[in-house]
Amino acid sequence: MKLHHQIFLAMVLGGVAGAFTSESTALVGVPLLSVYDLLGDLFINALKMVVVPLITTAIISGMINVGDGDNLGRLGAKTVAFYLTTSLIAVLVGLVVVNVISPGIIDGQPARDLLGLSADTEQTLQSIEGRGAADFTQILRQMLPPNLFQAAAETQMLGLIVFSLFFGFFLRTLPGAPGEHLRQTIEGIYQVILRITMVIIRFAPVGVFGLIAVTVSRTGLDAVEPLALFFVTVLLALGLHMFVVMPLLIRGLAKRSPWRHLQAMTPALLTAFSSASSAATLPLSMECVEKRSGVSNRTASFVLPLGATVNMDGTALYECVAAIFIAQAYGLDLSLTTQFLIVITALLTSIGVASIPAASLVAITVILGVIGLPAEAIGLILVTDRLLDMCRTAVNIWGDSVCAVLLARSEGEEDVLRGPMRELNVERD
Ligand code: ASP
């Protein structure tokens, strides 16, 4: 059975298992939920274990192969341009959909009292504290971490990426034996980490089963009911971006089949959905983009780690929809200026959002502050957060992978989305 079919089956089985498991269900005295939890945690831990060595060696070896400085500048400028443009498009899709549906206004009245949700906001606000600051100066600070090991320990990827770029840049031209040896050593480490990653990926179905079972059992679909309209609005907007806008870009700019790219990315998308973490999904998306979509290692290793950290289409879109929904529900006057402010803040904060579950909540509190609503207003959307987090994370990963395809094509790569699609558990050449 192909890996993505296995993962899909695991999701269905996990959903069923989760629906029939409560906190008290036990098998021979062992609580089932803790077993599922363990399976999910082991998988995520294993992925996180390889993230730091994978991104550093991938970027450094990518830099060594990138060619001269001009090449690098062009690649960098294009990457940033693609990322900003696609995120902006995502926010605008969200803006249009949330204005058309107006989920925060029911029967012409702001829905705040009707929703009357009793989430424990205080506690949640505390728990999301420190989930990665979202303001812009903080992003700049993160780019130059004073302590590299601390950055690695906290999987603070932006700092690691910048350091690896510097390291690769200077290693590229280091003359003589030391340069040659170090280049080969890093290439060797990269190959080893890839092999470890491949083994972890084989366990994806087991991990995904655990993650989904726990989420379904703890969250359930009941949570969606009071916020059904908001939920549908977000899904519709995410769906439009993922299945209409991005495919049009692949078709129009890359002149390739979006359907094929979607098939190629399925293992990574399902993992992003199950884990709600772009950082943990990064090893899988790198493998899918290179092996299955045929993007060169040079492009993928440059674009994807950066993308997982700064390019979050789903998150940017979600922030915009959520902030406007809350503003509608509070009866706030949504003038053009306010909407513009929301769009810009959503775009900028999505860059700083950490690639971990529930990270956008912090950014949404920032936007609420900008438009003059109290942070507590976030209570309105907490119950649906996990499920929507899963969906927006999949869109985040999809956005990065589409940018990788666009960039590769614009660099003249012919093999992209052509030729046989390889399975992930086959060793690379
Ligand atoms: N969970 C998302 C991610 O890792 C971030 C967020 O929107 O909360 O991509």
Checklist line | Checklist (1) part of a helix (DSSP H, G or I); (2) at pLDDT below 90; (3) away from the ligand (no atom under 16 Å from the Cβ); (4) open to solvent by 10 Å² or more (accessible area, probe 1.4 Å) applied to SER301, failing item | finding: (4)
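Would you kindly identify the helices (runs of 4 or more DSSP H) lying entirely within region 1-105 that contain at least 1 residues that are closer than 21 Å to MET198 by Cβ and open to solvent by 50 Å² or more (accessible area, probe 1.4 Å)?
Numbers: elements: 3-19, 32-64, 69-101.
The helices (runs of 4 or more DSSP H) meeting that bar are 3-19, 32-64.
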Next item on the list: Could you tell me which of the residues THR315, THR365 is farther than 24 Å from GLY108 by Cα, near the ligand (Cβ under 10 Å from one of its atoms) and of a type outside the set (A, V, I, L, M, F, W, C)?
Entry: THR315
Notebook entry, point to check: Would you call ASP400 out of contact with any His (no Cβ under 8 Å at 6 or more places or on another chain), within 13 Å of the ligand (Cβ to nearest atom) and without any contact (Cβ under 8 Å) to a residue 60 or more places away in the chain?
Noted result: no
Margin query: Please verify whether PRO357 is part of a loop (DSSP other than H, G, I, E, B), touching a helix residue (DSSP H, G or I) at 6+ places or on another chain (Cβ under 7 Å) and open to solvent by 10 Å² or more (accessible area, probe 1.4 Å), treating the condition exactly as stated.
Written below: yes
Notebook entry, point to check: Is at least one residue of region 286-294 more than 20 Å from SER410 (Cα to Cα) and either touching a Ser or Thr at 6+ places or on another chain (Cβ under 9 Å) or of a type in the set (Lys, Arg) (or both)?
Noted result: yes
Notebook entry, point to check: Where in region 121-209 are there helices (runs of 4 or more DSSP H), lying fully within it, with 3 or more residues that are at pLDDT below 90 and either over 26 Å from ASN311 (Cβ atoms) or among the charged types (D, E, K, R) (or both)?
Noted result: 121-128
Checklist line | Exclusive hit being in contact with a helix residue (DSSP H, G or I) (Cβ under 8 Å, 6 or more places away or on another chain) and over 22 Å from THR219 (Cα atoms), set ILE381, ILE397 | finding: ILE397
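Yes/no matrix, rows are residues, columns are (1) within 30 Å of ASP41 (Cβ to Cβ); (2) in contact (Cβ under 8 Å) with a residue 12 or more places away in the chain; (3) open to solvent by 70 Å² or more (accessible area, probe 1.4 Å); (4) of a type outside the set (Phe, Trp, Tyr):
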residue: LEU182; (1), (2), (3), (4): no, no, no, yes
residue: THR215; (1), (2), (3), (4): yes, yes, no, yes
residue: VAL234; (1), (2), (3), (4): yes, yes, no, yes
residue: HIS241; (1), (2), (3), (4): no, yes, no, yes
residue: GLN263; (1), (2), (3), (4): yes, yes, yes, yes
residue: LEU269; (1), (2), (3), (4): yes, yes, no, yes
Next item on the list: Determine, yes or no, whether VAL343 is touching a Cys at 6+ places or on another chain (Cβ under 8 Å), under 27 Å from GLY307 (Cβ atoms) and more than 9 Å from the ligand (Cβ to nearest atom).
Entry: yes
Margin query: So for region 407-421 (the condition being small (Gly, Ala, Ser), in a helix (DSSP H, G or I), open to solvent by 10 Å² or more (accessible area, probe 1.4 Å) and out of contact with any strand residue (DSSP E or B) (no Cβ under 9 Å at 6 or more places or on another chain)), does at least one residue qualify?
Written below: yes
Next item on the list: Please work out which residue is farthest from the ligand (Cβ to nearest atom), limiting yourself to region 346-362 and to residues that are more than 16 Å from SER277 (Cα to Cα) and at pLDDT below 90.
Entry: LEU348
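The values are calculated or read from the model by the stated rules, or taken from the named source; none is laboratory data. Everything numeric here is computed off the predicted structure, so don't read it as measured data. Cβ sites come from the backbone with ideal geometry, for glycine too, and all protein chains shown count toward neighbours. Heads up: the accessible areas ignore ligands, DNA and RNA and are worked out on the full protein's heavy atoms, side chains in. Shrake-Rupley method; radii C 1.70, N 1.55, O 1.52, S 1.80 Å.
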